[in-house]
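Engineer: Can you read through this structure? Questions will come right after.
Every number here is computed from the coordinates shown, using simple stated rules; none is lab data. What you see is a predicted model, and the numbers here were worked out from it, not measured in a lab. Every residue, glycine as well, gets a Cβ built from its backbone with ideal geometry; the counts of neighbours run over all protein chains shown.
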Amino acid sequence: MKNFKRLFCLAMCVCIAATCTVSFASAEEANSTAPFRLSVTVNGDTATGRGFCWYTAAQADTKIEIEGLAADAYTVSDAVCEEWDGNWMHKLVVSGLTKGTTYRYRVGDGTTWSEWGTFTTDDGDDKVSFINIADVQAGNLENFQKGAATLTAGFTKLPNPDFVSNCGDFTNDSTNEEWDYYDEAFGALNRTYTIVPVSGNHDGLGVEYWFNNMFALDTTESVQIKDGVNYSFDVGNAHFAVLNTNDVLSISTAQLEWLENDLKSTDKDWKIVFMHKAPYSLGKDAKWPDALYLQECLPPIMAECNVDIVFYGHDHQYLRTKPLTNNQLDPDGTTWVLSGTAGSKRYEIRKFLAGHYMKTEFIDSLVIQKDGYGNFWANGSWDNTSEGNIGGCFETVEINGTELWLTTYILNDKTGEINKVDEVGFNKKAGENKITFEGDNTTSEMDYTLSLVPSFLGLAKYAITKWLPEFFKMLPALLESVIVEDTF
């Protein structure tokens, strides 16, 4: 009995000591000013500046050091330190740098610094390159690491891109835990490149302000920032517009007006758009009106403004359309690219969708990344398979003057091989785009509020008059799919 009491007392002492140790460690961590979740974004002139965002556990000063430059050799603006969901968010914007220059930098409070990172300003020539990924959408560290491995594979194919675009759904639930996992998996990579982030539905709907609080973006022309950010920028001879497809569940009339004005305000040779939700797809979300409404309202703007390519995510498979103008085949039209998933959550084809919301003759390339399903589109067959197509997906884009090459790869889950699954080239004449809009392209709070009713009515009208009748036509095939294949 005495021995039992001694063992019990010893066990209690160990538990108390462990609790004290954990409490002490947690308190120390809570008072830390060490930077984490660091990202570098386009913000303003890409030839002379960048935006920086990071977090600390405790309140701290917001500073940056650029190696080899005195503090008065560049301008720091918009520096903030604000509490956000238990941590402290830091943002600042650097401008006044030299174009075409690689810089080493670190951020911190002046005493505690991050590790050194690098970024390279745009040199202004007509060679532009970037890596594109989408939909890591992970909830645990292992799956975030798979997404990071996909992006790492991208750098083996395109070692020095001007930026990396991510078409949304960075995490699954946009919690502190998941963003910390994201940082643990992607952190070392994020210090070495400029990111162009796109707000996905998992980054904006129901998790208000998370997206804007994770990245230092230029929000001066964004129609709102609650569930995402719309913005634009130039690199070389290309103009890029980034949309927020969480805006009034899909896109507001205010943002459509912003997009048209933005695309008309540039004479760059190439015009490229990024967004999240998928207007052209055969994945599981290609049957809902919020995404399909984009197929209704965006093509007229793309045609009028001579947009070359639209990249998007949301449906976790790779699909490239033939060039389209207002939902008709046109060799001079816009190519739409569903970017696949860099992560491990992958969708099979919904066969019941074929010929309803998208004509199958629009498809030029289709790759399904999921084991056990048709893995690519070939002559209208759904059942061709390729083990090499099972893995994380990324695209590389290289512009050289009036030529653009889009190449798509899969990082194979089992072998680690990087397999090319799609490649296409585009050519165009220089100097065809003209500036036809000059002026203020900002949206006042009043104007945005007044746009809400027409925005909802536009989506509702589409859903009732076009989406719903087609849904009823599709319903027998959908029910058969549910019963026979257990696929909805």
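Engineer: Note down the Stokes-Einstein diffusion coefficient of segment 365-465 in µm²/s, whole number, using a Kirkwood radius over alpha carbon pairs, 37 °C, and 0.692 mPa s. Could the numbers behind the result be given before it?
Structural biologist: Numbers: Rh = 18.3 Å.
Here the translational diffusion coefficient equals 179 µm²/s.
Engineer: Evaluate the distance, in nm, between pseudo-label points positioned 7 Å from the Cα of Thr325 and of Glu177 along their respective Cα→Cβ axes.
Structural biologist: Label-label distance for Thr325 and Glu177, simple model: 5.3 nm.
Engineer: A 23 angstrom limit on the alpha carbon distance is what I want to check against. Which of Lys284/Lys414; Lys63/Lys157; Lys226/Lys345; Lys277/Lys428; Lys351/Lys473; Lys351/Lys420 exceed it?
Structural biologist: Working: Lys284/Lys414 25 Å; Lys63/Lys157 34 Å; Lys226/Lys345 26 Å; Lys277/Lys428 28 Å; Lys351/Lys473 14 Å; Lys351/Lys420 25 Å.
From Lys284/Lys414; Lys63/Lys157; Lys226/Lys345; Lys277/Lys428; Lys351/Lys473; Lys351/Lys420, over 23 Å: Lys284/Lys414; Lys63/Lys157; Lys226/Lys345; Lys277/Lys428; Lys351/Lys420.
Engineer: Next question, about the same structure. Distance between Cα centroids, segment 420-468 to segment 55-70: provide it in whole Å.
Structural biologist: Segment 420-468 and segment 55-70 have Cα centres spaced 38 Å from each other.
Engineer: What ranking do Cys297, Cys53 get, fewest neighbouring Cβ atoms within 10 angstrom at the top? Before the final figure, lay out the partial values.
Structural biologist: Details: Cys297 19, Cys53 23.
Sorted ascending by nearby Cβ count, the order is Cys297, Cys53.
Engineer: Calculate the dipole size of the chain relative to its Cα centre from +1 charges on Lys and Arg beta carbons and -1 charges on Asp and Glu beta carbons; express the result in debye to the nearest 20. Numbers along the way, then the final one.
Structural biologist: Values: 37 positive and 69 negative charges, 257 e Å.
Taking the Cα centre of the chain as origin, the dipole is about 1240 debye.
Engineer: Can you give me the distance in nm between label points at Phe456 and Lys414, each placed 7 Å from the Cα along the Cα-to-Cβ direction?
Structural biologist: Placing both labels 7 Å beyond Cα along the Cβ direction yields 5.1 nm.
Engineer: Taking K and R as +1 and D and E as -1, what net charge do the other residues with C-beta under 13 Å from the C-beta of Val235 add up to?
Structural biologist: Details: positive: Arg50, Lys99, Lys127, Lys268, Lys271; negative: Asp45, Asp122, Asp123, Asp125, Asp126, Asp162, Asp234, Asp269, Glu398.
The answer is -4.
Engineer: Please express the shape of segment 38-87 as an equivalent ellipsoid: the semi-axes are the square roots of 5 times the eigenvalues of the C-alpha gyration tensor, given largest first in whole angstrom. Don't skip to the end; give the middle numbers.
Structural biologist: Working: eigenvalues 101, 38, 16 Å².
Taking √(5λ) for each Cα gyration eigenvalue gives 22, 14, 9 Å.
Engineer: Below 8 Å, C-alpha to C-alpha, sequence gap of six or more: please give me the relative contact order for segment 36-119 in percent. Don't skip to the answer; put the middle values down first.
Structural biologist: Numbers: 169 pairs, mean separation 26.7, N = 84.
It comes to 32 percent, rounded to a whole number.
Engineer: Starting from the Cα of Lys434, draw a straight line to each of the lysines and keep only those under 21 Å, dropping any in the same chain fewer than 8 residues away.
Structural biologist: Straight-distance partners of Lys434: Lys127, Lys264, Lys268, Lys271.
Engineer: Something else now. List, largest first, the extents of the alpha carbons of segment 195-236 along their principal axes, each in whole Å.
Structural biologist: Projected onto the principal axes, the Cα atoms of segment 195-236 cover 36, 19, 14 Å.
Engineer: Follow-up. Would you kindly calculate the mean projected area, averaged across all directions, of the convex hull enclosing the Cα atoms of segment 285-400, in square nanometres? Before the final figure, lay out each step's value.
Structural biologist: Working: hull surface 31.1 nm².
That works out to 7.8 nm², a quarter of the Cα hull's surface.
Engineer: Give the aspartates and glutamates reachable from Lys91 as a straight Cα distance under 13 Å; neighbours fewer than 8 places away on the same chain don't count.
Structural biologist: Asp61, Asp78, Glu82, Glu83, Asp109, Asp218
Engineer: With a Förster radius of 35 Å, plug the Cβ-Cβ distance of Glu184 and Lys473 into 1/(1 + (r/R0)^6) and report the FRET value to the nearest 0.05. Write down the numbers at each step before the final one.
Structural biologist: Details: r = 47 Å, r/R0 = 1.35.
Computed FRET efficiency for Glu184 and Lys473 comes out at 0.15.
Engineer: Short version: what are the Cα gyration tensor semi-axes of segment 203-276, square root of 5 times each eigenvalue, largest first, in whole Å?
Structural biologist: Numbers: eigenvalues 99, 36, 18 Å².
In descending order, the three semi-axes are 22, 13, 9 Å.
Engineer: Calculate the length of the line joining the C-alpha centroid of segment 301-349 to that of segment 172-203, in whole Å.
Structural biologist: The distance from the Cα centre of segment 301-349 to that of segment 172-203 comes to 24 Å.
Engineer: Right, here's the next one. For the charge dipole of segment 125-427, defined by +1 on Lys and Arg C-beta atoms and -1 on Asp and Glu C-beta atoms about the Cα centroid, which residue among Ala241, Asn230, Phe144 has the Cα displaced farthest towards the positive pole?
Structural biologist: Of the options given, the answer is Phe144.
Engineer: Can you give the translational diffusion coefficient of the chain in µm²/s, computed by Stokes-Einstein from the Kirkwood radius over Cα pairs at 37 °C and 0.692 mPa s?
Structural biologist: Values: Rh = 23.8 Å.
D = 138 µm²/s.
Engineer: Follow-up question, since we're still on this one. From largest to smallest, what semi-axes in whole angstrom does segment 436-488 give when each is the square root of 5 times an eigenvalue of its alpha carbon gyration tensor?
Structural biologist: Values: eigenvalues 322, 34, 25 Å².
Equivalent ellipsoid of segment 436-488: 40, 13, 11 Å, largest first.
Engineer: Percent of Cα-Cα pairs per 5 Å bin, from 0 to the last occupied bin, for segment 36-119, please list those.
Structural biologist: Answer for segment 36-119: a P(r) of 3, 15, 28, 27, 16, 8, 3, 0 percent.
Engineer: Further, regarding this structure: State, to one decimal in nm², a quarter of the convex hull surface area for the C-alpha atoms of segment 83-217, i.e. the direction-averaged projected area. Kindly include the intermediate steps, with their values, before the conclusion.
Structural biologist: On the way: hull surface 35.5 nm².
So the mean shadow area of the Cα hull is 8.9 nm².
Engineer: A further question follows. State to the nearest 20 debye the size of the charge dipole of segment 130-230 about its Cα centre, where the only charges are +1 on K and R beta carbons and -1 on D and E beta carbons. List each step's numbers first, then the result.
Structural biologist: Numbers: 4 positive and 15 negative charges, 84 e Å.
The calculated dipole for segment 130-230 is roughly 400 debye.
Engineer: What relative contact order, as a whole-number percentage, does the chain give when Cα pairs under 8 Å and 6 or more residues apart are counted? Kindly include the intermediate steps, with their values, before the conclusion.
Structural biologist: Numbers: 1159 pairs, mean separation 63.9, N = 488.
Computed value for the chain: 13 percent relative contact order.
Engineer: Work through the residues other than Gly117 whose Cβ is under 10 Å from its Cβ and net out their charges, Lys, Arg +1 and Asp, Glu -1. Present the calculation step by step, with values, prior to reporting the outcome.
Structural biologist: On the way: positive: Arg104, Arg106, Arg191; negative: Glu115.
Once all neighbours under 10 Å are counted, the net charge is +2.
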